[in-house]
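Data block below; observations after.
The values are calculated or read from the model by the stated rules, or taken from the named source; none is laboratory data. The shown structure was predicted, so the numbers you read here are calculated from the model rather than taken from an experiment. Positions of Cβ are backbone-derived with ideal geometry, glycine not excepted, and every protein chain shown enters the neighbour counts. Side chains included, ligands, DNA and RNA excluded: accessible areas come from the protein's heavy atoms. Shrake-Rupley method; radii C 1.70, N 1.55, O 1.52, S 1.80 Å.
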Amino acid sequence: MNLVLLGPPGAGKGTQATRLSQEFAVRHLSSGDVLRAERQAGTELGARVAGYMDAGELVPDDIIIEVILSRVKAESGGVLLDGFPRTRAQAESLLEALLADGSSLDAVISLEVPDEDVVGRITGRRICPACGQVYHVRFHPPQKADICDADGEKLIQRPDDTEEVVKQRLQAYHEQTEPIKAYYRQKGLLSEIDGTGTMEAVGDAACKAIQDRVCGCESGG
Ligand code: AMP
């Protein structure tokens, strides 16, 4: 099974992807995490994408398509893509690659969160650099301020989680990513979910939407 999770930055894609990938037994593949790992490892690819990421801009299609599709092809058990595709060209390449492999895309879930919620969600986000656990200073604080509950590491703020960069990332989302919802809607793959509820309610709705699509209980829309 292959799934795509869409939504603006801060919509909760990472959190929901963790749950959904477990429920549907597919590999969670986050394009942002892949790029951050390349940067941390000091690779040439990491150096090529750093400027775009720090400015809140999208990395060029040719780079990201090659990086992500090679990983998708290596996952025979199916994937849940989080953060990819983000442009129409990426969406088309993904579908072509899946079909060429005798596979397909089963469902696209779009988490809907208004812009005014996004800024507060992202600027309060803190991450454990060691284990990747995500916290929020107000909505999901660690037991001890700035310290990871799981491993005691000092939490950090992603450099692109500042207000200025978030605004740029939101603009990139509206201009380049949101239009691909129409592409997926037209293919009968899109389910739009209210992303403003509790983590559990959003996850339940996303699970149900995927189940409905996969078992063919829903005709589309
Ligand atoms: P994310 O963690 O998904 O918010 O991604 C962080 C940053 O990585 C984005 O702001 C982009 O600069 C870059 N990035 C991640 N995924 C993509 C993609 N599919 N296309 C272009 N750039 C991407």
Portion, in percent, of the accessible area of the chain that falls on carbon or sulfur, probe 1.4 Å: 48 percent
Estimated FRET transfer efficiency when R0 is 30 angstrom, pair GLU92-ALA41 (beta carbons, to 0.05): 0.50
Largest to smallest accessible area among THR123, THR198, THR87 [probe 1.4 Å]: THR198, THR123, THR87
Backbone HN-Hα couplings from phi across the range 95-105 [Karplus 6.51/-1.76/1.60, Hz, Gly and Pro as x]: 4, 4, 5, 5, 5, 4, 8, x, 10, 7, 9
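What FRET efficiency comes out for LYS144 versus GLN22 if R0 is 25 angstrom and r is the Cβ-Cβ distance? Round to the nearest 0.05. Provide the component values of the computation, followed by the final result.
Details: r = 28 Å, r/R0 = 1.10.
That gives a FRET efficiency of 0.35.
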Rounded Å value of the spacing that divides the Cα centres of the range 95-166 and the range 1-37: 10 Å
For the chain, accessible area per residue (1.4 Å probe, heavy atoms of protein chains only), Å²: 49 Å²
Hits among aspartates and glutamates - C-alpha to C-alpha of LYS144 under 17 Å, sequence gap 8 or more where chains match: GLU153
Rule-of-thumb Rg ratio for the range 1-141 [Cα; 2.2 N^0.38 Å; N residues]: 1.05
In degrees, nearest ten, helix 61-74 long axis to first principal axis of the chain (Cα): 70 degrees
Amide H partners (placed H, <5 Å) of ARG126, local residues excluded: TYR135, HIS136, VAL137
